[in-house]
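What follows is a set of notes on a single structure, which appears directly below.
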Amino acid sequence: MPHTVLVFAPHPDDAEYYAGGTLAGWIASGSRVILVTVTDGSKGSFAHPSEQLTAMRHAEAEAAAKTLGAESTIFLGYPDFELDTLPVGQIRRDFIRLLRQYKPDILVAQDAFAQGEIHPDHCVVARAAVEAANFSKLPGLYPELGLEPYVVPEKYYYSEDPARWNKIVDISATFERKIAAMAAHKSQIEFMVAELLEQARQAGINVEETMGGFVQDPLAAFQMGMGSMNAEMGAKAGYDLGEGFYYERYHPLVEAMLPQG
């Protein structure tokens, strides 16, 4: 098992949403998991103003990390939905600093090459993460940080693109912990469910009749949807529940020289 896992997440709930079961499994086996949240999450709500939401999501992220068993979240504090307005390379520099500082055995981040991702924050973080993972080893890059170059041994890049998954992690035993951690992100779950219900109503669906009690219980609705998604992922590897990643270790030529099996 890895000794240290570093997670780069665009928003306060992304780590648990995409990789919570996997992280919970590593933590249960004694790994140190450090969560890095890039934005303040201040735009993701229909009900709360941005200045109020920032504090709420900060507190929720801390509670979720505690529930998961991870270390307290590192907040970079960039404004939500504005990462694509930053100077090119700024997030990459932040990530290289953190990689050199914490020297993780595993990096978990968004897959920069997955299809279908439309959120600009996710796209920026994904690109910065893969660049940082590949180039933090270069001594001539950001020497002013005063940190030794570092090679990241293993990378787990998450996405919702099945074509990119080459590794499915069994989370059958840790799904409940994942849901418990996600439950701490109360404002985000309410936002995601409210958005889904609004779309359903615009489509002419009677959500009260179709979804029944789920309309009044956002967490139950979220758990049902999350369970369905993780069941679909897990089925690809014969698991009840799973999380999909693009897993990367060494250069393909090096991998080809290693013993198989």
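The values are calculated or read from the model by the stated rules, or taken from the named source; none is laboratory data. The structure displayed is predicted, hence computed values, not measured ones. FYI the Cβ positions are ideal-geometry reconstructions off the backbone, even for glycines, and counts take in every protein chain you see. The protein model used for the area step is the full one, side chains on, heavy atoms only, and it has no ligands, DNA or RNA in it. Shrake-Rupley method; radii C 1.70, N 1.55, O 1.52, S 1.80 Å.
Numerical summary
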quantity	calculated
Cα shape, segment 1-45, gyration tensor, a/c 1.5 rule	prolate
Net charge contributed by nearby residues that have their C-beta within less than 13 Å of E16 (K/R +1, D/E -1)	-1
Rounded percent of accessible protein surface that carbon and sulfur make up, segment 159-261, 1.4 Å probe	54
Positive-pole candidate from G234, F46, M224, dipole of the chain, charges at beta carbon	G234
Difference of contour (0.36 nm per residue) and Cα-Cα distance, A200 to K236	10.1 nm
Two-site label geometry, E209 and E117: point separation in nm, points 7 Å out along Cα→Cβ	4.0
Debye, to nearest 20: dipole size of segment 71-119, +1 on Lys, Arg Cβ, -1 on Asp, Glu Cβ	360
Inter-site label distance for F135 and Q52 at 7 Å from Cα along Cβ, in nm	4.2
Segment E82-L219, extension gain: residue separation times 0.36 nm, minus the distance between their alpha carbons	46.5 nm
Gain on full stretching of the segment that runs from H3 to A180 - 0.36 nm per residue minus C-alpha separation	61.4 nm
Förster-model FRET efficiency, 35 Å R0, L145 and Q260, C-beta, rounded to 0.05	0.35
Charge tally in the Cβ shell below 15 Å around G69, where Lys, Arg are +1 and Asp, Glu are -1, G69 excluded	0
Residue of Q199, Q115, Q101 that the Gaussian network model of the chain assigns the largest fluctuation, springs spanning Cα pairs under 10 Å	Q199
Loop trypsin sites (Lys or Arg not before Pro), segment 103-161 (other Cβ atoms within 10 Å of the site Cβ: 16 or fewer; DSSP)	K137
Cα-Cα over 26 Å, subset of K186/K236; K43/K167; K66/K186; K137/K178; K43/K103	K186/K236; K43/K167; K137/K178; K43/K103
Around D80: net Lys/Arg minus Asp/Glu count, Cβ-Cβ under 11 Å	-1
Assigned charges on the beta-carbon of Lys, Arg, Asp, Glu; the chain dipole about Cα centre (debye)	860
About the Cα centre, charge dipole magnitude for segment 188-244 (Lys/Arg +1, Asp/Glu -1 at Cβ), debye	140
Tail fraction, Cα-Cα pairs, the chain, threshold 28 Å, whole percent	34
Carbon and sulfur %, accessible surface of segment 1-106 computed with the full protein complex present, 1.4 Å	53
Gyration tensor verdict on segment 1-146 (Cα atoms; rounded if a/c is under 1.5, prolate if a/b is larger than b/c, oblate otherwise)	oblate
